[in-house]
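Shown next, in structure tokens, is the structure this report addresses.
The values are calculated or read from the model by the stated rules, or taken from the named source; none is laboratory data. Note that the coordinates shown come from a computational prediction; the quantities given were computed from them, not determined experimentally. Positions of Cβ are backbone-derived with ideal geometry, glycine not excepted, and every protein chain shown enters the neighbour counts.
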Amino acid sequence: MSDLIRQFRDFFVSLKLTVVLIAFSILLIFAATLDQVNLGIWAVQQKYFHSLFVMWRFGDIPVPIFPGGYLIGGFLLINLIAAQVYRFKLTVKKSGIWLTHIGLILLLIGELLTGLWQEEFALRLDEGETKNFSESYRSNELAITETTDPKFDDVVAIPEKFVARGEPIQQAKLPFRVVPKIYYPNAALAARDANTPGATATPATTGIGLQATATPLPLTYKQNERNAPAAYIELAGPEGPIGTWLVSADPRFPPQSFEYAGRTWKIAFRFERSYKPYSLTLLKFSHDRYAGTEIPKNFSSRIRLNSPDGRDDREVLIYMNNPLRYAGLTFYQAGFENDDKTTILQVVRNPSWQLPYIACALMTLGLIVQFGIHLVAFIARRRPAPTAVA
Amino acid sequence: MRHRLLPLAAIALLGLTSCRDSKITTYRVPKEKTPAMPAAPAATANAPGATMANTAVTTANGPGLTWSAPAHWTAKAASAMRKGSYAITADSGETADLSITAFPGDVGGDLANVNRWRGQIQLPPLAVAELSGATAHLDVNGLHLTTVDITGGPTAKPQRVIGAIIPVGNATWFFKLSGPAALVGREQAAFATFLQTIRASSATP
């Protein structure tokens, strides 16, 4: 083994590294907990834990100032595996430690995979409404839909980051270019009376943007609020600009229709959608209260689950702590609005949800085995050796 | 060999941390029914809906009541649940609490409400037949009050609740003085005088 590899190995096997990494983790968690006041839990998770480095902005330049959760967790993982391989020999006496460490390794991997794979969406259903898509809690998209065909719609969904970038977008399915002119990550909408002399100028040349304007707002990180980005989007065909539309992800802002090249289109900024190969219909939302009071007792949604292939057509009842698990997704009862006529289900995909359970079981088992071995040895030692009575 | 591969595998796993990249997607979906235009702007346009944790409990609105409290009761800020709130502190530092709440409807009726208060000081619930013996009635300024006086709780530290239940329009108002039995007993006369000051007001409190 060359010197370099040995040094590399010694670095990762070292117990000092473990101590340093754990100290870093403590500092990271402490700083993140304090910063939660400013950023809210989701942004804190992204900034501190689901990142390789914690970045600080000096002017416009992001500078890494501290290792992030992925880096510390990754090094801990390597450190743990390396120590396991090089330091601990697999013997019966150490089998408990082995199990515990394997559990810990699984826990770290599980957290990594959850961070990478977990998706959270919301499904809002009015009573009697059927939907085959859920909507993101945080991400938005610019959807340009061709609605010419009476049976179906062809959708081109452009994630918000492309709109934010401001570069022209050319997509093969669109006969025009999409040019984001102005983009506000969060904006307030206000009515605009074009007939009033001195009305604020608007970059919009068609659609609702003639009667409404968007003004930028500071980003919100509150848990019960979401940013409503707005943008002025120009569509340009080969012969020149078709028009500039104001679009907003505010749910009150409707999609806008237009005609181009003999086809009908719709443009909308909306919550990012995730379509499913099945549909859910809300039959009834119930908000039970304790008798004679307004104090909530239970929330439940009676849903009809229907897949077009006819494999599933059944009713399910979703209530607190009793989610629907279907096709790799979990549907939780998360909220309601609209005077108890609309249910909000949280739709979560987490393919690695079992890993933490397995990890904890392994660690528990490992500790029991390890302490058990010590206990047995201890009792054996204490048992007085038979001595001759004088 | 195995020894070298494992840490490498861990590093490879770390490499997975490259972000999921969102891309422009195209797809075909069945025609969507155009939703009706959303209703008038809601105040919380960007709130993702009520969650069960922050469900507001509806308190009664509409015609209210007015009252005047004795000077030695310390007014506390009213809250979402309380129309009025007072603290009464004894020299020993013990405090009793007077709460004024109102809810729509009859909130389950007198029996349910009296039993709720009984439950709060560890007393068993009453049967229907026992209710009339446990309550008294009082007419004050055109209002009909059902009053309750109960003592319960641990023998070493007995607790007492004296309260009045008042139907007002389509709502029910509750005036409840609760705390250590000795202190509440001392304030009983003041509470009775206080009840005499309650009157209906046309304005919403």
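Restricting to the stretch B:68-102, name every residue that is of a type in the set (A, V, I, L, M, F, W, C), closer than 15 Å to B:PRO180 by Cα and out of contact with any Gly (no Cβ under 6 Å at 6 or more places or on another chain). Hits for the stretch B:68-102 are B:ALA87, B:ILE88, B:ALA90, B:LEU98. The condition (being within 14 Å of chain B (Cβ to nearest Cβ) and not acidic (Asp, Glu)) is satisfied by just one residue among A:GLN370, A:GLN333: A:GLN333.
Using the structure shown, decide if A:GLY328 is under 30 Å from A:LYS276 (Cβ atoms) and touching a Lys or Arg at 6+ places or on another chain (Cβ under 7 Å).
Considered against the rule, which asks whether it is under 30 Å from A:LYS276 (Cβ atoms) and touching a Lys or Arg at 6+ places or on another chain (Cβ under 7 Å), A:GLY328 comes out as yes.
For the stretch A:1-16, the set of residues classified as in a helix (DSSP H, G or I) and surrounded by 15 or more Cβ atoms within 10 Å (Cβ to Cβ) consists of A:ARG9, A:PHE12, A:VAL13, listed by residue number.
Over 30 Å from A:HIS374 (Cα atoms) and at pLDDT 85 or above, is that true of A:GLY96?
no
Among the residues making up the stretch A:144-165, a single one is assigned to a strand (DSSP E or B) and either under 16 Å from the mean Cα position of the chain (by Cα) or more than 10 Å from chain B (Cβ to nearest Cβ) (or both): A:PRO159.
Look at the stretch A:26-42: where a residue is touching a residue at least 40 places away in the same chain (Cβ under 8 Å) and a partner is of a type in the set (Ser, Thr, Tyr), sitting 6+ places away or on another chain with Cβ atoms under 8 Å, you get A:LEU28/A:TYR48; A:ASN38/A:TYR221; A:LEU39/A:TYR221; A:GLY40/A:TYR221; A:TRP42/A:TYR221.
Scan the stretch A:132-161 for residues that are free of Cβ contacts under 8 Å to residues at least 60 places away in the same chain, hydrophobic (A, V, I, L, M, F, W, C) and surrounded by fewer than 20 Cβ atoms within 10 Å (Cβ to Cβ) and the total you get is 1. The set of residues in the stretch A:219-230 being surrounded by fewer than 17 Cβ atoms within 10 Å (Cβ to Cβ) and assigned to a strand (DSSP E or B) is empty. With respect to the stated conditions, B:GLY119 is within 14 Å of chain A (Cβ to nearest Cβ) and either at pLDDT 85 or above or on the phi < 0 side of the Ramachandran plot (or both).
Of all residue pairs spaced 6 or more apart or on separate chains, those with beta-carbon atoms under 6 Å, a first member in the stretch B:166-187 that is closer than 19 Å to B:LEU143 by Cα and a second member that is of a type in the set (D, E, K, R) are B:THR172/B:ASP106. Screening the stretch B:86-116 for residues that are of a type in the set (Ser, Thr, Tyr) and in contact (Cβ under 8 Å) with a residue 40 or more places away in the chain and picking the one that is nearest to the other protein chains (Cβ to nearest Cβ) gives B:THR101.
When the stretch A:257-313 is examined, which residues are found to be within 10 Å of another protein chain (Cβ to nearest Cβ), outside any strand (DSSP E or B) and in contact (Cβ under 8 Å) with a residue 24 or more places away in the chain? A:PRO308, the sole residue that qualifies.
Give the stretch B:168-181 a look and list any residue that's farther than 18 Å from B:ARG82 by Cβ and at pLDDT 90 or above, or say none.
Filtering the stretch B:168-181 down to residues farther than 18 Å from B:ARG82 by Cβ leaves B:169-170, B:180-181.
Residues satisfying the conditions are B:PRO180, B:ALA181.
Checking the stated criteria, A:GLU119 turns out not to satisfy the condition of being farther than 26 Å from A:HIS50 by Cα and either touching a residue at least 24 places away in the same chain (Cβ under 8 Å) or not assigned by TED's automatic domain parsing to the domain that holds A:ASN338 (or both).
Assigned to a strand (DSSP E or B), in contact with a Ser or Thr (Cβ under 6 Å, 6 or more places away or on another chain) and among the small types (Gly, Ala, Ser): does that describe A:SER352?
Numbers: assigned to a strand (DSSP E or B): no; in contact with a Ser or Thr (Cβ under 6 Å, 6 or more places away or on another chain): yes; among the small types (Gly, Ala, Ser): yes.
Here the answer is no, as A:SER352 does not meet what is asked.
With A:ILE233, A:ILE208, A:ILE242 as the choices, which residue is in contact (Cβ under 8 Å) with a residue 40 or more places away in the chain, in a helix (DSSP H, G or I) and over 30 Å from A:GLN346 (Cα atoms)?
Being in contact (Cβ under 8 Å) with a residue 40 or more places away in the chain, in a helix (DSSP H, G or I) and over 30 Å from A:GLN346 (Cα atoms) holds for just one of A:ILE233, A:ILE208, A:ILE242, which is A:ILE208.
Exactly one residue out of A:ARG177, A:ARG124, A:ARG138 is closer than 26 Å to B:VAL29 by Cα, of a type outside the set (A, V, I, L, M) and touching a helix residue (DSSP H, G or I) at 6+ places or on another chain (Cβ under 8 Å), and it is A:ARG138.
Restricting to strands (runs of 3 or more DSSP E) lying wholly in the stretch B:122-205: which have 2 or more residues that are over 23 Å from B:ALA71 (Cα atoms)?
The qualifying strands (runs of 3 or more DSSP E) are B:135-140, B:143-152, B:159-168, B:171-180.
Yes/no matrix, rows are residues, columns are (1) touching a helix residue (DSSP H, G or I) at 6+ places or on another chain (Cβ under 9 Å); (2) under 24 Å from A:LEU107 (Cα atoms):
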{"site": "A:SER279", "(1), (2)": "no, no"}
{"site": "A:ASN306", "(1), (2)": "no, no"}
{"site": "A:ASP312", "(1), (2)": "no, no"}
{"site": "A:ILE318", "(1), (2)": "no, no"}
{"site": "A:TYR326", "(1), (2)": "no, no"}
{"site": "A:VAL347", "(1), (2)": "no, yes"}
{"site": "A:SER352", "(1), (2)": "yes, yes"}
{"site": "A:PRO356", "(1), (2)": "yes, yes"}
{"site": "A:ALA377", "(1), (2)": "no, no"}
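Among the residues of the stretch B:185-204 satisfying the criterion of being among the charged types (D, E, K, R) and modelled with pLDDT of 90 or more, which is surrounded by the most Cβ atoms within 10 Å (Cβ to Cβ)? Among those that are among the charged types (D, E, K, R) and modelled with pLDDT of 90 or more, it is B:GLU187.
With the condition kept exactly as written, say whether any residue in the stretch A:196-218 is surrounded by 14 or more Cβ atoms within 10 Å (Cβ to Cβ), small (Gly, Ala, Ser) and at pLDDT 90 or above. Within the stretch A:196-218 (the criterion being surrounded by 14 or more Cβ atoms within 10 Å (Cβ to Cβ), small (Gly, Ala, Ser) and at pLDDT 90 or above), the answer is no, since none of the residues qualifies. Where strands (runs of 3 or more DSSP E) fall wholly inside the stretch A:17-131, the ranges with 3 or more residues that are within 12 Å of chain B (Cβ to nearest Cβ) and crowded, with 18+ Cβ neighbours inside 10 Å are A:119-126. The condition (being of a type outside the set (Val, Ile, Thr), modelled with pLDDT under 90 and under 27 Å from A:ILE358 (Cβ atoms)) is satisfied by just one residue among A:ARG57, A:ARG6, A:ARG87: A:ARG87. Listed by first and then second residue, the pairs linking a residue in the stretch A:71-92 that is touching a residue at least 12 places away in the same chain (Cβ under 8 Å) to a residue that is in a loop (DSSP other than H, G, I, E, B) and among the hydrophobic types (A, V, I, L, M, F, W, C), with Cβ atoms under 6 Å apart and 6 or more places separating them unless they lie on different chains, are A:LEU71/A:LEU52.
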